[in-house]
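Below is one structure, written out as structure tokens; the observations come after it.
The values are calculated or read from the model by the stated rules, or taken from the named source; none is laboratory data. Bear in mind the structure is a predicted one, so any value in this text is a computation, not a measurement. Keep in mind that these areas ignore ligands, DNA and RNA; they rest on the heavy atoms of the full protein, side chains included. Shrake-Rupley method; radii C 1.70, N 1.55, O 1.52, S 1.80 Å.
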Amino acid sequence: MPALIAPIVSLGLDHGFPQRKCAQELATGLVREGIVALKFVGKDPNSPNGGSPTVWVEDGKGEIVIQGWLPDSEMKVEINETEWVPGDRVGVPDHEGVVRIPSRMIPFLREACDAAERRAGLHGAAEER
């Protein structure tokens, strides 16, 4: 039986630790129950206070799922006021978000990209090229 995919629900992750803990517990429960097929790739071992950036691959669609730090106010302003693609909308749509990932997480991101690429049947993963 194919795994059921739970809808993404905004849990207010930018409003403090209790919500982050709640979201992590919810996600862990959903994975255990087989509702979401997340495969853990890696967690930043150098992040303080247990709020580590984390990378997963969602097995059903081959999508990369990232937990990271929220951008500071200056970065938010730059992101929301810059026309990155000429003629395209400015800012981040309400249904999307931006997170920051430290460069030490690059190996985990590469691994996640390779896994997602294999799952999606795109071009073959790096080691297969």
Exposure of Ser73 as accessible area (Å², to 10), given a probe of 1.4 Å and all protein chains | 70
Using the Karplus equation 6.51 cos²θ - 1.76 cosθ + 1.60 (θ = phi - 60°), what ³J(HN,Hα) coupling, rounded to whole Hz, does each residue of the range 72-85 give in order, writing x for Gly and Pro?
-> 6, 4, 5, 5, 4, 4, 4, 4, 7, 10, 10, 8, 5, 10
Using the Karplus curve 6.51 cos²θ - 1.76 cosθ + 1.60 with θ = phi - 60°, work out ³J(HN,Hα) for each residue of the range 99-107 in order, rounded to whole Hz, and write x for Gly and Pro.
-> 10, 9, 10, x, 4, 5, 8, 3, x
Between Gly60 and residues 5 or more places away or on another chain, which pairs have amide H atoms under 5 Å apart, with H built 1.01 Å from N, and which residues are they?
-> Ala37
